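Structure record follows, encoded as C-alpha cells.
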C-alpha cells in the first residue's frame, strides 16, 4: 500500500504589522512555516526602512505555508479576518500607511477566486459594520524581511509594541480558535 503525500500549500497575507500576523499564524495547528516579508509594491527587495517610508508601495506580509490535510485555506482566511480589521484602508490600529493595507496575495487564479468568494460571503453575512477593503491580487515581487523581523514576537515578547499590540492579537486567536491552537 502506498502512502500519498500532500505537498504543502502557501498563501501570502497582509494584515497590518507583520509581527502581529506572524505571531498568530506560528501558533496555528497545520501551519508548517511563517515568514515575514514584503510584496506587491514598485520596489523589488526593499529594506524595512524603505517600506516604512510608504513610498515603495510594498505591503508588510507573511507567507504562510500549511498542510492542506490539517487546515484548509478557508480556515486560514477565517483566522486572518478575525485577527485584523479588514475594513480600514491602509491602517491597522495606530499603524498607518499603504504598507499596512489588508491584502491576500495569491499564487493561482483558484486561490484568488476562493479569497473573493470568502470575502463576498463575509459581506453577505454582514460580518462587519463597514465594507471590507481587503485587496485580492496576484503575488508580485515577494521578498523575505530582514532576519531580525523573523519570529519577532517569540524573541521579544516584552518589547512595548509586542506586549501591548501583538500579545492581545495572539490572545484573541487563542480564545476564538482554541481548537486550532498548536499543541
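No lab work stands behind these numbers, since they all come straight from the coordinates. All of these numbers come straight from a predicted model, not from anything done at the bench. Heads up, the Cβs are rebuilt from the backbone with ideal geometry, glycines too, and the neighbour counts pull from every protein chain shown.
For a test of the definition: using alpha carbon positions, the gyration tensor, and the 1.5 limit on a/c, classify the stretch 83-164 as rounded, prolate or oblate. Judged from the Cα gyration tensor, the stretch 83-164 comes out oblate (a/c at least 1.5, b/c at or above a/b). Between residue 44 and residue 183, the simple spin-label model (points 7 angstrom out along Cα→Cβ) gives 4.5 nm. Considering only alpha-carbon pairs that sit under 8 angstrom and 6 or more positions apart, the relative contact order computed for the stretch 9-169 is 33 percent. Here the stretch 15-77 and the stretch 120-183 have alpha carbon centers that stand 9 Å from each other. When the convex hull of its Cα atoms is viewed from all sides, the chain shows a mean projected area of 11.6 nm². For the chain, a Gaussian network of Cα nodes joined below 10 Å ranks 75, 65, 110 by mean-square fluctuation, and the top entry is 110. Given a Förster radius of 25 Å and the C-beta distance between residue 70 and residue 167 as r, what FRET efficiency does 1/(1 + (r/R0)^6) yield to the nearest 0.05? Efficiency at R0 = 25 Å is approximately 0.45. Taking all Cα pairs closer than 8 Å and separated by 6 or more residues, the relative contact order of the stretch 64-148 comes to 30 percent.
Report the FRET efficiency, 1/(1 + (r/R0)^6), for residue 147 and residue 110, where r is their Cβ-Cβ distance and R0 is 45 Å, rounded to 0.05. E between residue 147 and residue 110, to the nearest 0.05, is 0.85.
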